Amino acid sequence: MSVGRIVVAFALGLLAVAAPAAAQDFPSRQIQVVVPFPPGGSADLFARVPFNYLAPIVGHPIVFENKAGASGIVGAKAVINATPDGHTLLVSSVASVVIPPSLTNPQAFDPLKDLAPVTGIGTVPAVLVVNPSKGIRSFAELLQYARANPGKVNLATSGAGTTAHLAGELLMRETGIQIQPVHYRGGAPAVTDLLGGHADIMFSDALFFLEHIRAGRLLPLAVGTPHRAPSLTDVPTTAELGYPTVVASNTYSLFAPHGTPSAIVDKLYKLIAAAVQDPGVMAAFARQEALPAASPPERFAAFMREEAARLVPIAKAAGAQGN
């Protein structure tokens, strides 16, 4: 066992001394981690990297299941309907949890009541990219082309109401351009169509694009965070380009079914908090421009409510509908 895993195991041993029986016995069997998008997307990274690290520590198998559909609603509902004992968990972005269900009629579920927020896992900046075949070489050229050709630029998204969609809506609202969102069942198929020239631009997680940017298959135009991305230092931020309110990033996070005992929620938080500080996990995150984002359940729940208050009105104003 590595030094990092010894430290984690020791810390959890101390926790068990004072923990209620529910937490002491957890986990007692296989843990299922549900990712509500197709394989190969951002959520997969933030599910598999820390939980694969934790598997030898918890002493039970950890399996991953991709349950895609309805912009993340299908997978989230599978977890909501599971036994609330911590053995069925959801890894998704906060935006994908709070936005799509608020847009369905009748509402699919109430994310602030039907899920137990556990902790953030990692945060990744969004990058605006274009297929070079479009002939657009800069953010200014994109605005110029879009203004001259309203509705002629297709924006690939990972689903209606997702961060990739809302980033595009913010871009339109703040710059006055008109682009056409095209919704996919996840980030991976959206990038595939973008590379194939079936879509023109995408504004989503950096980790989707890094390999293709390095290979020249996609051209980055802007980063949607206040600071430049470490491996994209020549790419300006939206604030530097004059649009500081066009802010886009994703915090991938862990959720349990509502009713999961607080002692188990707290133990899950401590497991993730330890995992994301492991040098190997941090290195895997850094390769994708991601930063660890673990926070205690109460603080994470407050962040979730703040994101809902910020993002849901934008999605409703855009007329987004779950797909």
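The values are calculated or read from the model by the stated rules, or taken from the named source; none is laboratory data. Just so you know, these numbers come straight off a predicted model, no measurement behind them. With ideal geometry, Cβ positions are generated from the backbone for all residues, glycine too; neighbour counts draw on all protein chains shown.
Per-structure values
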item: Which numbered condition ASN52 fails, given (1) more than 27 Å from ARG310 (Cα to Cα); (2) surrounded by 24 or more Cβ atoms within 10 Å (Cβ to Cβ); result: (2)
item: Which numbered condition HIS212 fails, given (1) surrounded by 24 or more Cβ atoms within 10 Å (Cβ to Cβ); (2) in contact with a Leu (Cβ under 9 Å, 6 or more places away or on another chain); result: (1)
item: Hey, LEU254 surrounded by 24 or more Cβ atoms within 10 Å (Cβ to Cβ) and either part of a strand (DSSP E or B) or among the aromatic types (Phe, Trp, Tyr) (or both) or not; result: yes
item: Which numbered condition LEU45 misses (of (1) crowded, with 21+ Cβ neighbours inside 10 Å; (2) under 20 Å from PRO101 (Cβ atoms); (3) under 15 Å from the mean Cα position of the chain (by Cα)); result: (2)
item: Subset tally (residues that are of a type in the set (D, E, K, R) and touching a strand residue (DSSP E or B) at 6+ places or on another chain (Cβ under 9 Å)) for the stretch 271-297; result: 1
item: One residue from PRO313, PRO236 being outside the structural domain of ALA116 (by TED's automatic domain parsing), under 30 Å from LEU221 (Cβ atoms) and more than 18 Å from the chain's Cα centre (by Cα); result: PRO236
item: Flag for SER231 being under 15 Å from VAL127 (Cβ atoms), outside the structural domain of GLY135 (by TED's automatic domain parsing) and at pLDDT below 95; result: yes
item: Hits in the stretch 57-84 - residues which are in contact with a helix residue (DSSP H, G or I) (Cβ under 7 Å, 6 or more places away or on another chain) and of a type in the set (D, E, K, R); result: LYS67
item: Residues of the stretch 152-172 satisfying the condition of being touching a residue at least 40 places away in the same chain (Cβ under 8 Å), outside any strand (DSSP E or B) and either on the phi < 0 side of the Ramachandran plot or basic (Lys, Arg) (or both); result: VAL153, SER158, ALA160, THR162, THR163, ALA164, HIS165, LEU166, ALA167, GLU169, LEU170, LEU171
item: Any hit, the stretch 101-117, residues being within 22 Å of LEU207 (Cβ to Cβ) and not charged (D, E, K, R); result: no
item: Residues being part of a strand (DSSP E or B) and within 25 Å of GLY224 (Cβ to Cβ) - total across the stretch 110-125; result: 8
item: Residue match in the stretch 83-95 (condition: among the hydroxyl-bearing types (Ser, Thr, Tyr), in a strand (DSSP E or B) and surrounded by fewer than 22 Cβ atoms within 10 Å (Cβ to Cβ)); result: yes
